[in-house]
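First up is the structure itself, then whatever we jot down about it.
Every number here is computed from the coordinates shown, using simple stated rules; none is lab data. Note that the coordinates shown come from a computational prediction; the quantities given were computed from them, not determined experimentally. Here Cβ is always computed from backbone atoms with ideal geometry, including for glycine, and neighbour counts include all displayed protein chains.
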Amino acid sequence: MEKFEILRTSAVPLPIENIDTDQIIPARFLKATSREGFGENLFRDWRYNGDGTPKADFELNNPRYQGQVLVAGKNFGCGSSREHAAWALSDAGFRTVISSYFADIFRGNALNNGLLPVQVSDEVLERLLVQIEQDPETELIVDLPAQQLHVPVWEKSIPFEIDPYKKECLLNGYDDIDFLVSQKEAIETYETKRVWVY
Amino acid sequence: MGKTLFDKIWDAHVVRTIAGGQDVFYIDKHLIHEVTSPQAFEELEKRNLPLFRKEQIVATADHNVPTKNQHLPIEEPLSRSQVDKLTENCAKYGVELYGLGHPYQGIVHVIGPELGITQPGMTIVCGDSHTSTHGAFGTIAFGIGTSQVAQVMASQCLLLSRPKRMRITVEGDLKPGVTAKDLILYVIAALGTGGATGYFVEYAGSAIRSLSMEGRMTVCNMSIEMGARGGMIAPDETTFAYLKGRPFAPQGERWEEAIAYWQTLYSDEDATFEMEYTFNAASITPMITYGTNPGMGIALNANVPSQVKASEQVSFEKSLQYMGFQAGESLLGKQVDYVFIGSCTNSRIEDIRMVANYVQGKKKASHVEAIIVPGSKQVEQQAIAEGLDKILAEAGFELREPGCSACLAMNEDKIPAGAYCVSTSNRNFEGRQGPGSRTLLASPLVAAASAVEGKIVDVTEYL
Ligand code: SF4
């Protein structure tokens, strides 16, 4: 997993609530057996017309908006457990998603793939979206060690929460699998005393 | 202080708690399918890790499979390669696979329970959000991402923080024509799609108790649609009767031991929940969704809201535009083009019986295409054994072979752009049933009535 420390970048706004994983990556693109290449079909049906031409009014097609942060409406990533949604966002170059609420499974999937979900209040989200629309070059600094989102033009820092273990993982580029495998002995001991052996 | 059902099972599965409070959490059963497992097997390979407990994994092919001519090779090359990959991985790692052609094949959340693999007190995961279905048996069951699929393969464990607990109590009797599907659509409409984010839900109350196992599965299935990690119902006589004699259920003396343990699985009277909601079953009427998330549900005979909260205005307008509906209007009388009866929400034998019973002696409207996709080979066989296939065929409904089908349209069962589909599945997201498709979620009964009348009708007037 790629390490995450401090990210300085402009952002892409997507002011829609309840963006579900079927929009992030429609099911018909889940047929690959590897993790690569999903970025191409990120937000496929919002980004392209049926004939494959880009939809001019969709934010991700607007050359004004660039950057590695996606700022999206409340309850981002609801719906399916498909990790392909996190892979598609990463593959398309995003390293952080800012929203005022994340669906549980998406949050976990993002963290397992070096994509940092930053949850802010509804007010901050609203202000950020307006700010970016007015000035697409607005710089954001996502500072994971300090757990702060700095918005230099506002001269303001907004703290965000992250599970301490997950933070360590992101900072170091580790993931759970290494840790869990290291617990083998404890797991085997547990197995010998399971309450009801199925 | 008493414990909730959830905590009793959770506590029994904690291997150890690490600094920072997360638990190394043991998983009893791991279900896998072709879409979310290949990258996990790849991860094991890349790290040169063995599969830790292969006998605790069961695999099936469901998401991508065609629902016609399953005895022939899959035509679509990408779907075929995914299913082949699963077969190859299962053979290589020694995982039990109920693939195409196997008498146990079917949608992963339908076969677990019907084979008796799903049992009270267990922890069950699958790389699929509707794993919450299994909670109907009093299990902690939830969907996981592919990285976690790999973790369970490598260690039979996950690293998790305990979610908060919510109880949803539904008291009273459901009115005629009101099904488990209506009950859960009603609850989701009340709580909203994010209403239970961060919680694990226990459903309780007399209305829940009186549901069959099939109905309970429908309710737990859709827990995820309000953001919950999962849903569960304490096991009782209905649960035990359903499980008895199933292929993987305990037998003989083991059965008695199992029952004795399962009877301890309930929330103690003095247990507390971080959040509680209570609903009255008698207020629930047949439901339908008008928008593009499962929280946008209304009573069939009610109107689309004319106003929503300011923060929801943009999504509301966007969804109405997508659906081609107006704020404040009634959906009754709207033309229906497709009817899909299937998915892990409503594809069990009881659902098919409900439809057959309604359409017996009737005919679907000529402009409607109506397909019924059973949840499993066993459901299909049972339907045929009961002669339901003939009743359905006479009414113009096509009974297909099992799979996820038009629930997510990964195979060729797609709803064309702009067409309206009354669907018994669980998600009405934009394009879920095919690019541009317009989905209206409803019960099998409402779906059957829509097919026969060719438009949306108040089913209670036809009973
Ligand atoms: S039927 Fe639909 S919701 Fe259920 S597992 Fe298949 S795709 Fe997922």
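Please build a GNM for chain A, connecting alpha carbons under 10 Å apart, and tell me which residue among A:Ala72, A:Ala27, A:Ala11 fluctuates the most.
Most flexible of the set in this elastic network: A:Ala27.
Just check the range B:192-294 against the gyration tensor rule for me: Cα atoms, a ≥ b ≥ c as the square roots of the eigenvalues, rounded for a/c under 1.5, and otherwise prolate or oblate depending on whether a/b exceeds b/c.
Details: a/c = 2.09, a/b = 1.71, b/c = 1.22.
Verdict is prolate for the range B:192-294.
If one computes P(r) from the Cα atoms of chain B, what percent of pairs lie at distances over 33 Å? Can you show the working numbers first?
Values: 35679 of 106953 pairs.
That tail contains 33 percent of the Cα-Cα pairs.
Would you grab the residues whose amide H sits under 5 Å from the one on A:Ile16? Only those 5+ places off in sequence or on another chain, please, with H modelled 1.01 Å from N.
A:Gly73
Starting from the Cα gyration tensor of the range A:6-193, take the square roots of the eigenvalues, sort them a ≥ b ≥ c, and report rounded, prolate or oblate (rounded when a/c is under 1.5, otherwise prolate if a/b is larger than b/c, else oblate). Write down the numbers at each step before the final one.
Values: a/c = 2.24, a/b = 1.30, b/c = 1.72.
Judged from the Cα gyration tensor, the range A:6-193 comes out oblate (a/c at least 1.5, b/c at or above a/b).
Measure out, as a whole number of angstrom, how far apart the alpha-carbon centroids of the range B:103-137 and the range B:14-83 sit.
Cα centroid of the range B:103-137 versus Cα centroid of the range B:14-83: 14 Å apart.
Which length gain, in nm to one decimal place, applies between A:Lys184 and A:Glu133 when the Cα-Cα distance is subtracted from 0.36 nm times their residue separation?
Working: separation 51, 0.36 × 51 = 18.36 nm, distance 5.05 nm.
Roughly 13.3 nm would be gained on extension.
Give the percent of DSSP beta bridges with both residues in chain A that are antiparallel, rounded to the nearest 5. Walk me through the intermediate numbers first.
Values: 12 of 25 bridges.
If we restrict to bridges inside chain A, about 50 percent are antiparallel.
Note down the magnitude of the dipole of the range B:231-309 about its Cα centre, charges +1 on Lys and Arg C-beta and -1 on Asp and Glu C-beta and zero elsewhere, to the nearest 20 debye. Write down the numbers at each step before the final one.
Numbers: 4 positive and 10 negative charges, 132 e Å.
Charge dipole of the range B:231-309: 640 debye, to the nearest 20.
Per residue of the range B:300-312, in order, report the coupling 6.51 cos²θ - 1.76 cosθ + 1.60 (Karplus, θ = phi - 60°) as ³J(HN,Hα) in whole Hz, putting x for Gly and Pro.
Listing the rounded values in order: 3, 9, 9, 9, 4, x, 9, 8, 10, 4, 3, 5, 9 Hz.
Nearest 500 deg cm²/dmol is fine: what mean residue ellipticity at 222 nm does chain A get from its DSSP H runs of n ≥ 4 alone, each adding -39,500 (n - 2.57), divided by its residue count? Each step should come with its number before you reach the end.
Values: 8 runs with 61 residues, N = 198.
Helices in chain A give a 222 nm mean residue ellipticity of -8000 deg cm²/dmol.
Using a 10 angstrom cutoff on alpha carbons, build the Gaussian network for chain A and name the most mobile of A:Glu168, A:Glu36, A:Glu123.
Maximum fluctuation in the GNM of chain A, among the listed residues, is at A:Glu123.
Would you tell me the mean number of C-beta atoms belonging to other protein chains that fall within 10 Å of each C-beta in B:18-24, as a whole number? List each step's numbers first, then the result.
Values: counts 3, 2, 6, 3, 6, 0, 7.
Going residue by residue through B:18-24 and averaging, the value is 4.
What distance in nm separates the simple spin-label points at B:Glu317 and B:Asp11, each placed 7 Å from Cα in the Cβ direction?
5.3 nm
Assuming R0 = 51 Å, can you tell me the calculated FRET efficiency for the pair A:Lys193 and A:Ile16, based on Cβ-Cβ distance, to the nearest 0.05? Mind dumping the intermediate values first?
Numbers: r = 49 Å, r/R0 = 0.96.
Computed FRET efficiency for A:Lys193 and A:Ile16: 0.55.
Placing +1 on the Cβ of each Lys and Arg and -1 on the Cβ of each Asp and Glu in the protein assembly as shown, which of B:Asn280, A:Val120, B:His109 has its Cα farthest towards the positive end of the resulting dipole?
Checking the options against the dipole of the protein assembly as shown, the answer is B:His109.
Would you look at the GNM of chain A, springs on alpha carbons closer than 10 Å, and say which of A:Phe43, A:Phe94, A:Phe179 moves the most?
A:Phe179
Going 7 Å from the Cα of B:Arg80 toward and past its Cβ, which residues in the range A:27-67 have a backbone nitrogen under 17 Å from where you end up?
Flagged as within label range: A:31-33.
What FRET efficiency comes out for A:Tyr174 versus B:Gln326 if R0 is 60 angstrom and r is the Cβ-Cβ distance? Round to the nearest 0.05.
Numbers: r = 52 Å, r/R0 = 0.87.
Calculated transfer efficiency: 0.70.
Give me the dipole magnitude in Debye, nearest 20, for the range B:79-187 about the Cα centre, with unit charges on the beta carbon: positive for Lys and Arg, negative for Asp and Glu. List each step's numbers first, then the result.
On the way: 9 positive and 8 negative charges, 73 e Å.
My answer is approximately 340 debye.
What whole-number distance in Å separates the alpha-carbon centres of the range B:168-197 and the range B:404-460?
20 Å
Which of B:Lys92, B:Lys362, A:Lys166 has the fewest other C-beta atoms within 10 Å, and how do the rest follow up to the most? Walk me through the intermediate numbers first.
Values: B:Lys92 11, B:Lys362 16, A:Lys166 21.
Going from sparsest to densest Cβ surroundings: B:Lys92, B:Lys362, A:Lys166.
Can you sort B:His63, B:His71 from fewest to most other Cβ atoms within 10 Å of each residue's own Cβ?
Values: B:His63 25, B:His71 7.
With the fewest neighbours first, B:His63, B:His71 line up as B:His71, B:His63.
Which order results if B:Val452, B:Val339, B:Val457 are arranged by neighbouring Cβ count within 10 Å, fewest first? Write out the running numbers ahead of the final one.
Numbers: B:Val452 23, B:Val339 31, B:Val457 20.
Result, fewest neighbours first: B:Val457, B:Val452, B:Val339.
Let me make sure I get this right: for the protein assembly as shown, a, b and c are the square roots of the gyration tensor eigenvalues over alpha carbons, sorted descending. Under 1.5 in a/c it's rounded, otherwise prolate if a/b > b/c, else oblate. Which is it?
Details: a/c = 1.43, a/b = 1.11, b/c = 1.28.
The shape class here is rounded.
For n ≥ 4 DSSP H runs only, could you compute -39500 (n - 2.57) per run for chain B, divide by its residues and tell me the 222 nm figure to the nearest 500?
Numbers: 15 runs with 142 residues, N = 463.
One gets -9000 deg cm²/dmol as the mean residue ellipticity at 222 nm.
At 7 Å along the Cα-to-beta-carbon direction for both B:Glu253 and B:Asn48, put a label point, then send me their distance in nm to one decimal.
4.6 nm
Where the only charges are on Cβ atoms (+1 Lys, Arg; -1 Asp, Glu), what is the dipole of the range A:6-193 about its Cα centre, to the nearest 20 debye?
Numbers: 18 positive and 30 negative charges, 56 e Å.
So the magnitude is around 260 debye.
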